[in-house]
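Chemist: Dropping the structure in here first, questions after.
The values are calculated or read from the model by the stated rules, or taken from the named source; none is laboratory data. Small disclaimer: the values here were computed from a predicted structure and weren't measured. Neighbour counts are summed over all protein chains in view; Cβ atoms, including those assigned to glycine, are modelled from backbone coordinates with ideal geometry.
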Amino acid sequence: MTAINKAQQNRNTIFVEDALVADIREYPGDQFIMRLDAPKCAARATAGSFAHIQCDESIPMRRPLSIMRADASEGWIEILFKIVGEGLRALGNRKIGDKVSVIGPIGHGFVPTPERPRTLLIGGGVGIPPMIFLAETLNEDKRPWQPLVIMGSEIPFPFESAKSKIPTSWLADDVNSTMPLVESWNIPARLASLQGYEGCFDGYVTDLAREWLKTLPKTELRKVEVFSCGPTPMLKAVAALAREFELPCQVSLEEFMACAVGGCAGCAVPVKTADGTAMKRVCVDGPVFDAASVFPE
């Protein structure tokens, strides 16, 4: 594919629109969930895609934020973000009814394999949103997916957790905290943290995932596929876990971005290909990649 054709493949798939803030909720740890009326973005968003958002007119650089949920029929998207600088602080100060410039949806999302219906979704921190989007996508699909969602955080989770009513025989009974939204889709989910939060698994998300994987016979392991988003050290650990159990794994990378539409190449990362190592742009070539290609042994 020529460079021109590569550019053209994203034509009429990424939109610029002035979105209205429909709702904004603040959670402990300077975390926010914002709902934006952005019908063009919502119509094409997929689990793993993101939006490039202008935090404030006085701040020229946009921020790439994963899409947590999208409703094409109602025309909204939801994003989760944590304040880590003045840009996101300005975004957190937006009010219902404010206009926010949105470019999106951007990037290639997760592609589950129907032959591996036991999908293991692992999200950490601000990498949780794509896992929620993927879980909802699988729930709405007609095929018999069997997802398990594992989420980890070292600050309070950006939702009010609850005791799960979905049993997990592979865990102690007191490891029962879940996200009510995911539970409402009848999808088992468990939380992990080193902070001693009630009902959470005491350890890393990969430790919790291993507890489940080691209970599966080989016939069932052949039905498992792993999907993950989170900090780079966590993704490296997830990739190692996938290698340990010989599982395919897709990861969504988090990188600093300037343009987010493939022009500046500021988010390029080395990716192992059949022709050797190549530099790929996280924004448009990803953000989802095969874990083995970005975290080789």
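Chemist: For ALA135, all conditions in the list (1) over 24 Å from PHE256 (Cα atoms); (2) small (Gly, Ala, Ser); (3) free of Cβ contacts under 8 Å to residues at least 24 places away in the same chain hold save one; what is the number of the exception?
Modeler: Single failed check for ALA135: (3).
Chemist: Do the conditions hold for LYS223, that is, is it at pLDDT 95 or above and in contact with a Pro (Cβ under 9 Å, 6 or more places away or on another chain)?
Modeler: Considered against the rule, which asks whether it is at pLDDT 95 or above and in contact with a Pro (Cβ under 9 Å, 6 or more places away or on another chain), LYS223 comes out as yes.
Chemist: Let me ask something else about it. Using beta carbons and a limit of 7 Å, which pairs, at least six apart or on different chains, have the first residue in region 23-48 and in contact (Cβ under 8 Å) with a residue 60 or more places away in the chain and assigned by TED's automatic domain parsing to the domain that holds GLY97 and the second one assigned to a strand (DSSP E or B) and among the aromatic types (Phe, Trp, Tyr)?
Modeler: ILE24/PHE32; GLU26/PHE32; PHE32/PHE81; LEU36/TRP76; ALA38/TRP76; CYS41/PHE15
Chemist: Among the candidates VAL284, VAL288, which residue alone is surrounded by 15 or more Cβ atoms within 10 Å (Cβ to Cβ), among the β-branched types (Val, Ile, Thr) and assigned to a loop (DSSP other than H, G, I, E, B)?
Modeler: VAL284
Chemist: Looking at GLY266, GLY262, which one is assigned to a loop (DSSP other than H, G, I, E, B), among the small types (Gly, Ala, Ser) and touching a Lys or Arg at 6+ places or on another chain (Cβ under 8 Å)?
Modeler: Going through GLY266, GLY262 in turn, just one is assigned to a loop (DSSP other than H, G, I, E, B), among the small types (Gly, Ala, Ser) and touching a Lys or Arg at 6+ places or on another chain (Cβ under 8 Å): GLY262.
Chemist: What strands (runs of 3 or more DSSP E), lying completely within region 68-185, carry at least 3 residues that are within 19 Å of TRP212 (Cβ to Cβ) and among the hydrophobic types (A, V, I, L, M, F, W, C)?
Modeler: Filter on region 68-185 gives 118-124, 148-152.
Chemist: Just checking, which of VAL102, VAL111, VAL84 is modelled with pLDDT of 95 or more and surrounded by fewer than 23 Cβ atoms within 10 Å (Cβ to Cβ)?
Modeler: After ruling out the rest, the residue left standing is VAL111.
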